[in-house]
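Heads up, the thing below is written out as structure tokens.
Every read-out reported here was derived from the displayed coordinates using simple, explicitly stated rules and does not represent laboratory data. Not measured: the values here are computed from a predicted model. Backbone-built Cβ (ideal geometry, glycine too); neighbour counts: all protein chains shown.
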């Protein structure tokens, strides 16, 4: 087995791991969303509590997506080592740029959701 073949197998493994992480995030986020919908139906729950729970589900999905995007960027970089021609490098540059922008905005949204959750928490010990 050549080093190139080994690196290709590593890239495939990383890509599969990234895909599995995305699927786990979707399933986990959907489960949290379903639980929040069920809680909303309970007496005494308000729309704001639903929004809080829905935002937590979105934040969970975003966290999984960020991890998966980072892994896939790493796989793309390893792939460019295997095939270092100008076309592959140009494609890598475009893919990394798109994924970096997605990561930036997902991270920003995740921070906004976390800040929103912190602002909604009651201060303990102050009456």
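A few remarks follow.
- Relative contact order (%) - criterion: Cα under 8 Å, at least six apart; region: region 3-120: 34
- Rg to Rh quotient for region 3-120, alpha carbon positions, Kirkwood Rh: 1.15
- Residue order, fewest to most beta carbons within 10 Å, for 103, 116: 116, 103
- Efficiency of FRET between residue 31 and residue 87 - r from beta-carbon atoms, R0 35 angstrom, step 0.05: 0.25
- FRET efficiency, residue 114 to residue 2 (Cβ-Cβ, R0 35 Å, nearest 0.05): 0.15
- Nearest-0.05 FRET efficiency for residue 38 and residue 100, computed from C-beta distance (R0 41 Å): 0.65
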